Amino acid sequence: MKSLSARRAGYTTLYGFAVLVAFTLIAPLLVIIPMSFTGVQSFSFPPKGLSTQWYTNLFTNEAWYRGMIQSFGIGIVVTVLSLFLGTMAALALARMSNFMRATTSSLLLSPMIIPAVVSGVGTYAVFLKWHLTANYLGFILAHTALAIPFVVTTVGAALKGFNRTLEYAAASCGATPIETFFLVTMPIIRPGLASGALFAFMASFDEVVVASFLTGPDLKTLPVQMFTSVWVDSDPTLAAVSTVIITATSAAILLVMRSNRRRTAHV
């Protein structure tokens, strides 16, 4: 009985500690939500008055809604490209020897390791010569390079539990490599693909350092606009944007988790 009681006490302590850590991490985000409904043009908590004018400003002020549309459009293209390239890279890594896999993985994952400022300076120096600054192609190429490692990581993790004998069985039945991938491999690694797509989109949508180097007068992504707003003025629209991003991100994560859980239950 003592052993069972001690175990329950240990679980309760760990659970309480986990809740405390989660609250510490989430509390700063929760403060932003009521600040977005303030009635005055300043950041204050608790908010002074209640108003939805900053949400209205988000969708009526050209600088804000144009940045949101540009970030969303770039993020969609980056997600498609990085998902395609990252999945092919993960499939190639799964078929390499241990030494080649370790070496190639280090190169593919280097954008996650190199400091963002260093990547921004290097990208700007190269893209300036190639005339890729302040245009969509430059943003897409730079963000795709930053997003591919997330796809490689998630898809690679899904492939570790994949049984390649299923591919051999499909080939023995006359399926081509492309048919085998779409009919056998992809349905099994779909949770990894969904997670990789989500991380790739957020890596592009939320990126600010490299975007600050590549931005121009007619192309300023939402994170750059938010960063500029912090230094230029105290615009509570920033809190409204942050609330929208938090809500959308949380909904997307819950949707992916629910989809993956449902697929695991069916399997």
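Values computed for the structure shown
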read-out: Selection within the range 27-64 - open to solvent by 80 Å² or more (accessible area, probe 1.4 Å) and of a type in the set (Phe, Trp, Tyr); value: PHE43, PHE45, PHE59
read-out: Check on THR104, of a type in the set (Val, Ile, Thr) and either touching a Cys at 6+ places or on another chain (Cβ under 9 Å) or more than 13 Å from THR215 (Cβ to Cβ) (or both); value: yes
read-out: The range 27-47 residues that are closer than 18 Å to SER229 by Cβ, paired with ones that are of a type in the set (Lys, Arg) and open to solvent by 80 Å² or more (accessible area, probe 1.4 Å) (beta carbon under 9 Å, 6 or more apart); value: THR38/LYS48; VAL40/LYS48; SER42/LYS48
read-out: Single residue of LEU132, LEU159 found to be hydrophobic (A, V, I, L, M, F, W, C), open to solvent by less than 30 Å² (accessible area, probe 1.4 Å) and assigned to a helix (DSSP H, G or I); value: LEU159
read-out: Only one of ALA90, ALA102 that is small (Gly, Ala, Ser), closer than 30 Å to ILE148 by Cα and surrounded by 12 or more Cβ atoms within 10 Å (Cβ to Cβ); value: ALA90
read-out: Unique match (being out of contact with any Ser or Thr (no Cβ under 9 Å at 6 or more places or on another chain) and in contact (Cβ under 8 Å) with a residue 12 or more places away in the chain) among LEU107, LEU83; value: LEU83
read-out: Segments classed as helices (runs of 4 or more DSSP H), wholly inside the range 186-253, with at least 1 members that are of a type in the set (Gly, Ala, Ser) and open to solvent by 50 Å² or more (accessible area, probe 1.4 Å); value: 209-214
read-out: Verdict on GLU179 being crowded, with 16+ Cβ neighbours inside 10 Å and acidic (Asp, Glu); value: no
read-out: Single unsatisfied condition, LEU141 versus (1) more than 20 Å from the chain's Cα centre (by Cα); (2) open to solvent by 60 Å² or more (accessible area, probe 1.4 Å); value: (1)
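The values are calculated or read from the model by the stated rules, or taken from the named source; none is laboratory data. Since the structure is predicted, the reported quantities are computational estimates derived from the model, not experimental observations. With ideal geometry, Cβ positions are generated from the backbone for all residues, glycine too; neighbour counts draw on all protein chains shown. Keep in mind that these areas ignore ligands, DNA and RNA; they rest on the heavy atoms of the full protein, side chains included. Shrake-Rupley method; radii C 1.70, N 1.55, O 1.52, S 1.80 Å.
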